[in-house]
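Input: a single structure, listed below in structure tokens.
Just so it is clear, none of the values below were taken in a lab; they were calculated from the coordinates. Keep in mind it's a predicted model, so treat the numbers as computed, not measured. Cβ sites come from the backbone with ideal geometry, for glycine too, and all protein chains shown count toward neighbours.
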Amino acid sequence: MKMVAQLKSPRRTNKKTFQSGKLQRDKNNQQAQSITMSTTFNVLRYSALGAGVFYGAYHRYSLESSFAKQQAAKQWKHEEKLIAQAKAEYQKLTNPQVVKPATSTPGSINWEDPNLDLGKALESLIATLD
């Protein structure tokens, strides 16, 4: 019944009503613009978020792969060290110690010895010739 009464009543256009209608249209336009700007802003925001997620995943993958490479290199060096130690131990066990002859015996001179006394070496050679 109220609707019927509202429809039958003439619409009054006084200055206040007209201004409020204009304000109402301005608010609608601002809301429409804000919705459009808000939609654009949301698209940009979610695009940045998606790009950040993909960059984060890529960065994490690169960090993990470099760490794995470092660990593999460290493990390889450790294994090489163990192999070298095992070879040295095997060499000690299989080859008996060879006793080096003393340089004091006449006729046996180690010419590659850095502490070689040339005078004594020549005297020992002359002594062997006599």
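Could you work out how much longer the chain between GLU79 and LYS120 gets when fully extended? Use 0.36 nm per residue separation minus the Cα distance between them, nm to one decimal. Each step should come with its number before you reach the end.
Values: separation 41, 0.36 × 41 = 14.76 nm, distance 4.87 nm.
Value of the extension gain: 9.9 nm.
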Taking R0 as 41 Å and r as the Cβ-Cβ distance between LYS87 and LEU49, the FRET efficiency 1/(1 + (r/R0)^6), rounded to the nearest 0.05, comes to 0.10
